[in-house]
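*Asks:* First, the structure itself, so that you have it in front of you.
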Amino acid sequence: MSTIQSIAIRRNRRAAYLFLLPNIAGFLVFILLPVVASLTISVTDWNGFTRANFVGVGNFVSMFSSTAFRISLVNTLTYSLFVVPFTVMLSLLVAIMLNSDLAGLSYFRTAFYLPHISASVAVAVIWQLIFHPNLGPINSFLMRLGVQNPPRWFGSSDWAMTGVIVVSIWKRVGYFMVLFLAGLQTIPRQLYESADIDGASTIRKLWHITIPMISPTTFLVTIMATIASFKAFDLIYNLTLGGPGRATNVLVYTIYQESFQRFRFGYASAIAYFLFAIVLLVTLIQFRIQKKSVHYY
């Protein structure tokens, strides 16, 4: 290798590192450092003001013996159990419908994507009006159907989680629809043309061509939807504040309460690491499952 080539390689390498530097610096300062600091805090009783005292696994012991924590854990699992599959299925269904030659296709794609980029505060205000127990259109429709005592939705501990789940699915479908659309448009048209020649029905083409061919996209969407469901906070904060009672209090909201309302940063950090362990475990299980269910072509 000549001297000129060596100099050019070094310059290109230096330029590459310079381009990577802002992202690496951001990762170190805003992600890695807080993660390490949180791990350190999780074994202390630090409240943000006084000196931190080492308590070992005391925060984790208190966590598992806390009724509030167990309720928030059950709420998180319930929320994820409904939000993830329905979000994935509806996103795929909408993407399939919008992957055709419909009139006004751009309008419909924009309309479905708009909730994703809408502010959570605005979304919460709109849905609080929609679910209003006395003036909302949903309860008005139910009363016209003969329902004498329609749900109070966000004002009821029995129905608040249902309302939050509905709003969360509505807000997320548009984003994952875009990912599915990208996956659908990579499927070779020749496969559908061959199926048409063989007389395959729409259902058979969906089951034997579409779903297998977009399995990598489905896997990606499932992973992202699962992680997002465990991190749910903004909609719950704006819709219900974790209530009524603890009906919609999920783990991330509990972390917020323990840290920024009760100033128990050590205890909140312990819950955060427990949540991280759950997400990691679920993700690893999904990666194990994808070896059999995901097909790369």
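Values quoted throughout were computed directly from the atomic coordinates according to the rules given, and no laboratory measurement underlies them. Remember, it's a predicted structure, so these values are computed and weren't measured experimentally. Positions of Cβ are backbone-derived with ideal geometry, glycine not excepted, and every protein chain shown enters the neighbour counts.
*Asks:* Quote the Stokes-Einstein diffusion coefficient, in whole µm² s⁻¹, for the range 13-171, based on the Kirkwood radius over alpha carbon pairs, a temperature of 37 °C and a viscosity of 0.692 mPa s.
*Replies:* So the translational diffusion coefficient is about 157 µm²/s.
*Asks:* Show me the trypsin sites (Lys or Arg not before Pro) within the range 163-266 that DSSP assigns to loop and that have at most 12 other Cβ atoms within 10 Å of their Cβ.
*Replies:* Answer in residue order: Arg262.
*Asks:* In nm, to one decimal, how far is the modelled label at Trp170 from the one at Leu191, with both set 7 Å along Cα→Cβ?
*Replies:* Spacing of the two 7 Å Cα→Cβ label points: 3.4 nm.
*Asks:* Here is a further query. If I build a Gaussian network model for the chain, linking alpha-carbon pairs within less than 10 angstrom, which residue out of Arg51, Arg13, Arg152 has the largest mean-square fluctuation?
*Replies:* Arg13
*Asks:* While we're here: I need Leu239, Leu73 ordered by Cβ neighbour count within 10 Å, fewest first.
*Replies:* Lowest count first: Leu73, Leu239.
*Asks:* Please list 121-130, 210-219 highest first by mean number of surrounding beta-carbon atoms within 10 Å per residue.
*Replies:* Packing proxy ranking, top to bottom: 210-219, 121-130.
*Asks:* About its Cα centre, what dipole magnitude does the range 66-293 give when the only charges are +1 on Lys and Arg Cβ and -1 on Asp and Glu Cβ, stated in debye to the nearest 20?
*Replies:* 460 debye
*Asks:* Let me ask something else about it. Please compute the modelled spin-label separation between Ser201 and Leu39, points set 7 Å along Cα→Cβ, answer in nm with one decimal.
*Replies:* Taking the simple label geometry, Leu39 and Ser201 are separated by 5.5 nm.
*Asks:* Measuring from label point to label point, each 7 Å out along Cα→Cβ, what is the Leu81 to Arg11 span in nm?
*Replies:* Between Leu81 and Arg11, the label points sit 6.2 nm apart.
*Asks:* Test of understanding: what is the full-extension gain from Leu28 to Phe54, defined as 0.36 nm times their sequence separation minus their Cα-Cα distance?
*Replies:* Working it through step by step, the gained length comes to 6.8 nm.
*Asks:* Among Leu93, Leu235, Tyr175, whose Cα projects farthest towards the positive end of the dipole of the range 66-293, with charges put on the beta-carbon of Lys, Arg (+1) and Asp, Glu (-1)?
*Replies:* Leu235
*Asks:* Output the peptides 18-28, 105-115 sorted from most to least packed, where packing is the average of other Cβ atoms within 10 Å over each peptide's residues.
*Replies:* In decreasing order of mean packing, 18-28, 105-115 become 105-115, 18-28.
*Asks:* Follow-up. What ranking do Ser194, Ser62 get, fewest neighbouring Cβ atoms within 10 angstrom at the top?
*Replies:* So the ranking, lowest neighbour count to highest, is Ser194, Ser62.
*Asks:* Still on this model: Just add up the charged neighbours of Ser6: K/R +1, D/E -1, any other residue whose Cβ is under 15 Å from the Cβ of Ser6.
*Replies:* Surrounding charge for Ser6 is +4.
*Asks:* Now for a separate question. Which helices, counted as full DSSP H runs in the chain, have an axial Cα extent of no less than 18 Å and a Kyte-Doolittle average of -0.5 or above?
*Replies:* In the chain, the long hydrophobic H runs are 3-27, 67-97, 105-117, 160-184, 215-230, 265-293.
*Asks:* In what order do Met177, Met224, Met89 fall by count of nearby beta-carbon atoms within 10 Å, going from fewest to most?
*Replies:* Ascending Cβ contact count within 10 Å gives the list Met89, Met224, Met177.
*Asks:* What span do the alpha-carbon atoms of the range 54-142 cover on each of the three principal axes, reported in whole Å from largest to smallest?
*Replies:* 64, 36, 24
*Asks:* Would you be so kind as to identify which of Leu184, Ile130, Phe265 lies farthest towards the positive end of the dipole of the range 66-293, taking Lys and Arg as +1 and Asp and Glu as -1 on Cβ and the Cα centre as origin?
*Replies:* It is Phe265, whose Cα lies furthest towards the positive end.
*Asks:* What does the helix-only formula give at 222 nm for the chain: each DSSP H stretch with n ≥ 4 adding -39500 (n - 2.57), the total divided by the residues, and the result rounded to the nearest 500 deg cm²/dmol?
*Replies:* Computed ellipticity for the chain at 222 nm equals -21500 deg cm²/dmol.
*Asks:* Across every pair of different alpha-carbon atoms, what Kirkwood hydrodynamic radius in Å does the chain reach?
*Replies:* Mean inverse Cα-Cα distance, inverted, gives 22.8 Å.
*Asks:* Mind checking the full-extension length gain between Phe19 and Leu145? Use 0.36 nm per residue of separation minus the Cα-Cα distance, one decimal, nm.
*Replies:* Stretched fully, the Phe19-Leu145 segment lengthens by 39.2 nm.
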